[in-house]
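One structure is given here, and the rest of the page talks about it.
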Amino acid sequence: MNSKLADAAAGEGPREAAPAARIGTASTLLMLVRRELWEHRALWIAPLVVAALMVCGAVVAGLKYHLTHGDMSGEDRPGGMAMFAVMQGAASTPLSVVSLIVLAFYLLDCLYAERKDRSILFWKSLPVSDDKTVLSKLLVALLVVPLGVFALGLLLSLLFTGIWEVNAAFGRVPPIPGWDMLGWLKAEIALLACLIVGVLWYAPYAAYLLLVSAWARRTPFLWATLPPVVAQIVEHFTFDTHYLRDLLVYRTYGIWPTLFGHMQVGRGRAFALGAALDRLNLGAALTDRNLWIGLAVAAAMVFGAIRLRRYRDDT
């Protein structure tokens, strides 16, 4: 009897351990993400400061400047629609620029700093694997911060629209032409699709900076910038070619013509906000061969960063 009970308990053990392991992995990643946001507060403070400045600027501009109805007449309705389509996208542009700068320095510093201040000794004493630690940093850079900036940009677009409508109620500006909630929602979905494609396309850059952060013994910024610059100079004077430069330029802009296709906005070509979602070539962008090659290269560099953190000890 006891042996049967023991066998039954042994048989049930693995089935109960799997959910516990999954919960442990999720809670560990959550703890590591919270650690990154606590230790690198510029990741969320900088976008909030920029958003506050933008709101203050919009309020001051609404009080100081007036736009007459003649400046946006019924005959210029397509131009007005295009202007507000651009406004929706521009609401998150300053946030994106600041966040990209902050994220670049974060990725260069996150693995280097823990060796410099020897906090890596404390974290290695905990039951946290190197792969989870490195992946949590990549998760912060490619998922947590971009989604947070997107949500903040969405809130800003609502605030800007509210500020405009308040000024319109006082007669300072004309009402928003062509505004509809469904079109706004489609425009935000289009921006989210652009964000997803951008994160996937620029993942190799993020992985490269993470690898440099794990490799450099000092001045990771120089290690990240000098090798590509020197390699381009050597290629130019040795082979009189510029393949590396073309590759870097392509990895910066190459996916956007595929995503946007022949989309054009201007006088005579304006379209409603929601039409942007229908005009995106999302399928072509997500199935682009070079995008997946870049993701494979990014995975290899992340693997290298994990191995370096595991076996390299500068302390």
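Worth pointing out:
Residue-wise test of (1) at pLDDT 90 or above; (2) under 22 Å from residue 193 (Cβ atoms); (3) surrounded by 15 or more Cβ atoms within 10 Å (Cβ to Cβ); (4) among the hydrophobic types (A, V, I, L, M, F, W, C).
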| residue | (1), (2), (3), (4) |
| --- | --- |
| 221 | yes, no, yes, yes |
| 226 | yes, no, no, yes |
| 235 | yes, no, yes, no |
| 238 | yes, no, no, no |
| 267 | no, no, no, no |
| 275 | no, yes, yes, yes |
| 285 | yes, yes, yes, yes |
| 289 | yes, yes, no, no |
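- Candidates are the residues of the stretch 275-313 that are basic (Lys, Arg) and out of contact with any Gly (no Cβ under 8 Å at 6 or more places or on another chain); the one that is nearest to residue 108 (Cα to Cα) is 309.
- Checked across the stretch 103-112, the condition of being loosely packed, with under 14 Cβ neighbours inside 10 Å and modelled with pLDDT under 95 holds for no residue.
- All positions within the stretch 203-234 that are out of contact with any Lys or Arg (no Cβ under 8 Å at 6 or more places or on another chain) and farther than 20 Å from residue 307 by Cα: 219, 221, 222, 225, 226, 227, 228, 229, 230, 231, 233, 234
- Figure legend. Inter-residue proximity from the stretch 281-294: first residues closer than 14 Å to residue 260 by Cβ, second residues among the β-branched types (Val, Ile, Thr) and not in a helix (DSSP H, G or I), beta-carbon distance below 8 Å, spacing 6+ or different chains. No pairs are indicated.
- The one condition in (1) modelled with pLDDT of 80 or more; (2) surrounded by 14 or more Cβ atoms within 10 Å (Cβ to Cβ); (3) of a type in the set (Val, Ile, Thr) that residue 120 fails to fulfil: (1)
- The criterion of being more than 23 Å from residue 302 (Cα to Cα), surrounded by fewer than 18 Cβ atoms within 10 Å (Cβ to Cβ), of a type outside the set (Lys, Arg) and modelled with pLDDT under 90 does not hold for residue 52.
- The stretch 136-150, residues that are surrounded by 18 or more Cβ atoms within 10 Å (Cβ to Cβ) and not aromatic (Phe, Trp, Tyr): 136, 137, 138, 140, 141, 142, 145, 146, 148, 149
- Test: residue in the stretch 179-193 that is in contact with a Gly (Cβ under 7 Å, 6 or more places away or on another chain) and modelled with pLDDT of 90 or more: no
The values are calculated or read from the model by the stated rules, or taken from the named source; none is laboratory data. Remember, predicted model here, so these are calculated numbers, not experimental data. As a convention, Cβ positions derive from the backbone with ideal geometry for all residues, glycine included, and neighbour counts pool all protein chains shown.
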